[in-house]
Structures are given as structure tokens and as C-alpha cells.
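Take a look at the structure below.
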């Protein structure tokens, strides 16, 4: 017998049993091969001698079998119930003055349906198509510790087939960059979408703390740059900001110009801003410089937390940043309650 034939004989039971449904793999593999091995003579030839000549027939049969199994597996998958995130819904929304379309991923607090008179702060966060599961889990962990108040989360996601990187480059960037072969510098359009459509929709459909002090804006990288853009606007819709590893590089002058255009040097806000110690230096160093400038200006009213994500690069520290960021910007609203662990241990 050739080496290939021996490999085929030995490997097929294991290979196929890993590939096909457990409903039929036991009979197909164990019974089929036991029957063949039990018959040392088949039409006058030994079983081992038949392996090369039977290979094509066996493979054809097994391929047919795999097709049946794939159909069974597809049927199983189609009927399996999806996982549902509690208290969460998706709301499409279209901009009234542009072509922007978003999917808002809205997560309500546990007490929303029972405490009918309560209004909640709202955390708006960008890049929800990536970060919704992370933010959802982070909120659950912080609420178990009773470290932050109950809030409504609104994540900005996108309709299917949207090119995410093009969208981010176009609407999160704050200056026009002719050297790029696509639209840039349209943060103003997205910010107007917040003012005209997204915030009014949320405030009119949910019980919110409907003032700038009741709203948080959070974003990472390009989203962090847009967060800083919102911080420096004349008409501010937010007073709490989480700028995770913001893409400051190349936009320093645009940020300075925004700051100069503000009519007052007072900056009533809570700001969390971070960078990773292992971040690419060309990206990291402008963030460090911008942080120092914020400290140097000593804006009246600004409560600033500069955070180093030690040992982290550009995206790996998002979990830590969202935890620390939410703790900082919601610190003055933190409840004075027993933690979940204290309750669970009877304390």
C-alpha cells in the first residue's frame, strides 16, 4: 500500500468525524470502517489491496455525505435562537440636513420600566459597530460595583454595506486634507446631525437628563478626535467627554483654531483623555503634547483626567479606558449604594 493510501485510511475516520454532524458521524465512520475491515476478502482481493482502487469511490460517497450533513448543519443554525442583549434596541435615524444615516444602538437601564419618574444621563459613543459589546459589558461591571449611576447608552452604528473607514475619515476628521483621495473634514456635518436629529430624538422618546451636563460623548482614535472637536464647540451639546487615544496628529492647528474661536475661555466640562504607552510614537507624541497644553491653559471649569494606558498600544486598552473614563466623567453622579458584591455577601 502506498503512503497516501495508508494516510487516507487512517485519517479519514478522524477527519470526517470532525467535519460532519454528530447525528450521523458514529454510524458513518465507525460502522462503515468496521464493516470494511471485517471483510478481509472482497471480490477476491484483500481490503488493503482495494484501498487505491476504492479511494475515488469512497471520496465520492463521503463528499455526498458531507453535502447532506452541511444541509443538516445549516438547518440547525437557521433554527438556533439568536443571543439577545437585554434592554437594547436598534433605531434607524436619518439626518435632516445631510445624507447621513445611522443605526442607534440604545441600551436602557434596568430600572427604566419600573421607575417611571426617573430621568437618566445619556452616554453617546461612536464606533458602536465595533465597540457595543465592550461598552455593554463595561457598563454591567461598573453597575455591579455601583461605581456609576444608571445611564442610557446610545451607540452610533451604521447601515449595512457602509464602508466604515471611509465614513470615519470623512465625518470624524476636523480639517480638509486634499492629499487624501476621499472627503475629509466633515465633522461639522456629523455634529449638526447630533444637534438637529440624534439628541432631539433621544430626548423626546426617552426619559433623559436633557441638558449638556446630562450627556457624555465618547470616542476612540478618530472618534476621540471628534470628541475633542465637540468639546471645543461654541454651541456645546455635551459637558462630559471621553477621548480615548485621540487622533490629534496632523490636526493640532485645527484644534487650536477651534479653541481661539470660542467666545469664553471658561470650559465647563469633565474630560478624560488617554494614550497607550506602546502606541506608535508618531501618533502618541502629539497626544502627550496636547495633554500638556490642556494642563498649561488651566481652563476655568475644566476637570481633566490625563490617563496613561500602561503597556497598551492603540486599541488594546479600550476596555480599561472606557472603565476609567466612565468613572471619571460620571464621578459626581456616582450613587451612594452597596455594591453588588456587598449585597451578595450579605453585607
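Laboratory data are not the source of any read-out in this text; all were calculated from the coordinates shown. Worth saying up front: this structure is predicted, and the values here are computed from it rather than measured. Cβ coordinates were reconstructed from backbone atoms using ideal geometry, including for glycine residues, and neighbour counts include every protein chain displayed.
Structure above, values below:
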quantity: Cα gyration tensor shape of segment 206-347, rounded if a/c is under 1.5, else prolate or oblate by comparing a/b with b/c; calculated: oblate
quantity: Approximate shape of segment 213-264 as ellipsoid semi-axes (Cα gyration tensor, √5λ), whole Å, largest first; calculated: 17, 16, 5
quantity: Label-point separation in nm, residue 181 to residue 343, each point 7 Å along Cα→Cβ; calculated: 5.6 nm
quantity: Order of 110, 131 - criterion: other Cβ atoms within 10 Å of each residue's Cβ, fewest first; calculated: 110, 131
quantity: Neighbour-count order for 324, 318, fewest beta carbons within 10 angstrom listed first; calculated: 324, 318
quantity: Distance in nm between pseudo-label sites at residue 296 and residue 210 (7 Å out along the Cβ direction from Cα); calculated: 4.3 nm
quantity: Exposure proxy ranking, count of Cβ atoms within 10 Å, fewest first, for 113, 162; calculated: 113, 162
quantity: Expected-Rg normalisation [2.2 N^0.38 Å, Cα atoms] applied to segment 98-192; calculated: 1.33
quantity: Near-label residues of segment 221-235 by backbone N, under 20 Å of a point 7 Å along Cα→Cβ of residue 141; calculated: 221
quantity: Rh (Kirkwood; distinct C-alpha pairs) - segment 245-300, Å; calculated: 12.3 Å
quantity: Contour minus Cα-Cα distance for residue 118 and residue 235 (0.36 nm per residue); calculated: 39.4 nm
